[in-house]
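Trainee: My questions will all concern the structure given below.
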Amino acid sequence: MQSTIEKLREYCETDYRSLHEVIKLWTNVLSKCDLSILGDEKWSVLEQVFKSSLLCSNSYIARECLQQLNKYFSKTSPASITLNTMYFEFIGEFDKAKQIISTLLNDNETDDI
């Protein structure tokens, strides 16, 4: 598992876009492991796999990662809103995506500049 995490770190740090490799690492290694041993890095790994799965049109893995990410982020956090909007756009539920993103936009209207 350590070499898998190192590969993901390298991809992230170098902005290397090997989407199918990320999905393969998830399928063959990470999905079978207890990711809690990664500490807070678990969430960046899940986000990386989530985004890769969207770009590879893998809704099953995207949903699996999003469910875990939603347990971590509060429902109204910008990260949660962004990830959920991305997912609903991906599956073609544009009204739901618009509804979710409007939450973020409405919150920003009340923020002090």
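Here, each number is a calculation from the coordinates, and none is a lab measurement. Since this is a predicted model, take the numbers as computed values, not measurements. Cβ coordinates were reconstructed from backbone atoms using ideal geometry, including for glycine residues, and neighbour counts include every protein chain displayed.
Trainee: Have a look at L83, L66 and point out the one that is at negative phi, in contact (Cβ under 8 Å) with a residue 24 or more places away in the chain and not in a loop (DSSP other than H, G, I, E, B).
Mentor: Unique residue meeting the criteria: L83.
Trainee: Out of I23, I37, I61, report the one residue that is more than 21 Å from F90 (Cβ to Cβ), in a helix (DSSP H, G or I) and of a type outside the set (S, T, Y).
Mentor: Answer to the selection: I37.
Trainee: Find all pairs meeting these conditions: Cβ atoms under 9 angstrom apart; at least six residues apart or on different chains; first residue within the range 10-29 and more than 11 Å from S52 (Cβ to Cβ); second residue among the aromatic types (F, W, Y).
Mentor: Cβ pairs passing all conditions: E10/Y16.
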